[in-house]
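Note sheet for the following structure.
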Amino acid sequence: EMASGPLLAIAAVLVMEGTWKRAWIAALLASLAIFFRYQNGLFALTLFVYLFFNRHWKAALTYATTGLLGGALGGALDKLTWGHFFHSFQVYWKFNYVEGQAERWGVDAFDYYFETIHLSFGPAMWILLVGFVLSFRKQRLLPLLCVANLLVHAKIPHKEYRFLMPMLPIALDLTNNELDWALNKLQHTPSNKNTNKKPINNFQHLHTITKN
């Protein structure tokens, strides 16, 4: 979970470029993140939807093709190591969803993650929540994805806080951008141009590196 968070964040940065030269790298990172945690497929699919509905046709095709190739390579690795294609996914699905074996390690109520987030961040959670809600003014897909990810995990009986780690880098960066914007507004000072221009801004240094 911890390792897949940065992979998804970098993939999101690259996808926002809307070019096929970045899309294939993003797809490889996203497909790798899926093998770290299969639920990350929701993020990978959403990045494709972003490219498709913004009519970045070449980038979308490149992303989809490379992502499928990355998935196939993962399945081939299972074939070499376990004797069956996608063996690890099949065992994961059977153990967790068909047999419900994960519930042996505990079952929690729907609001478990909401309470845990509150305990983790304390009163600052309400400030972060304001920033996250404000992120919808400039960006729809990524904030909705974070909400969907939280709700999907809340519906799963066996819960652990670490399961939310893949989405935190993106969610917190979206939040930070809007809190920065709001603070500058309150102080009547010019906001960083890039804050309104890019959905993900805290990876600006990485963004610069990948363009060179």
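The values are calculated or read from the model by the stated rules, or taken from the named source; none is laboratory data. If you're wondering where the values come from, they're calculated on a predicted model, not measured in any experiment. A quick note on method: Cβ atoms are made from the backbone with ideal geometry, for glycine too, and the neighbour counts reach across all protein chains shown. Only protein heavy atoms, including side chains, enter the accessible area calculation; ligands, DNA and RNA are left aside. Shrake-Rupley method; radii C 1.70, N 1.55, O 1.52, S 1.80 Å.
Computed over neighbours whose Cβ is under 15 Å from that of residue 60, the net charge equals +3, Lys and Arg +1, Asp and Glu -1.
Under the rule a/c < 1.5 gives rounded, and otherwise a/b versus b/c splits prolate from oblate, where does segment 1-87 land using the Cα gyration tensor? Display every interim value, and only then the final one.
On the way: a/c = 2.48, a/b = 1.67, b/c = 1.49.
Prolate shape, in that a/c is at least 1.5 and a/b is the bigger ratio.
On a 1.4 Å probe surface of the protein chains, which of 88, 120 comes out largest in accessible area, and what is the full order?
120, 88
Please sort by residue number the trypsin sites (Lys or Arg not before Pro) in segment 96-195 whose DSSP state is loop and whose Cβ has at most 14 other Cβ atoms within 10 Å. Mind showing how you got there, number by number?
Working: sites: 104, 137, 138, 140, 155, 159, 162, 185, 193; in loops: 138, 140, 159.
Passing both the DSSP loop test and the Cβ count: 140.
In sequence order, segment 95-102 has phi-based couplings of 5, 8, 10, 7, 8, x, 5, 4 Hz under the Karplus curve 6.51 cos²θ - 1.76 cosθ + 1.60, θ = phi - 60°, and Gly or Pro positions carry x.
How large is the charge dipole for segment 11-115, taken about the Cα centre, if only the Cβ atoms of Lys, Arg (+1) and Asp, Glu (-1) carry charge, to the nearest 20 debye?
Numbers: 8 positive and 7 negative charges, 129 e Å.
Charge dipole, segment 11-115, about its Cα centre: 620 debye, nearest 20.
Kirkwood hydrodynamic radius (Cα pairs, Å) of segment 77-151?
Details: mean 1/r = 0.0630 Å⁻¹.
15.9 Å is the Kirkwood radius here.
Charged side chains reduced to their Cβ positions (Lys and Arg at +1, Asp and Glu at -1) give the chain a dipole of some 880 debye around its Cα centre. Figure legend: label point modelled 7 angstrom from the Cα of residue 55 along Cα→Cβ; residues of segment 19-37 with amide N under 18 Å from it are 19-20. Please give the net charge around residue 88, taking every other residue with its beta carbon less than 14 angstrom from that of residue 88, where Lys and Arg add +1 and Asp and Glu add -1. For residues surrounding residue 88, the net value is +2. Per residue, the convex hull around the alpha carbon atoms of segment 20-163 comes to 129 Å³. Element breakdown for the chain at a 1.4 angstrom probe: carbon and sulfur atoms account for 68% of the accessible area.
Quick one: grab the alpha carbon gyration tensor of segment 1-44, order the square roots of its eigenvalues as a ≥ b ≥ c, and give me rounded if a/c is under 1.5, else prolate or oblate depending on whether a/b is larger than b/c. Here segment 1-44 falls in the prolate category. Among 53, 43, the sequence by solvent-accessible area, most first, with a 1.4 Å probe is 53, 43. Extending 7 Å from Cα along the Cβ direction at residue 184 and again at residue 165 yields two label points whose distance is 3.3 nm.
Could you rank 156, 170 by how accessible they are, 1.4 Å probe, largest area first?
So, going from the largest accessible area down, we get 156, 170.
Fully extending the segment from residue 82 to residue 45, taken as 0.36 nm per residue of separation minus the present Cα-Cα distance, adds 10.6 nm. Within the full protein context, the accessible area of residue 77 is estimated at about 100 Å² for a probe radius of 1.4 Å.
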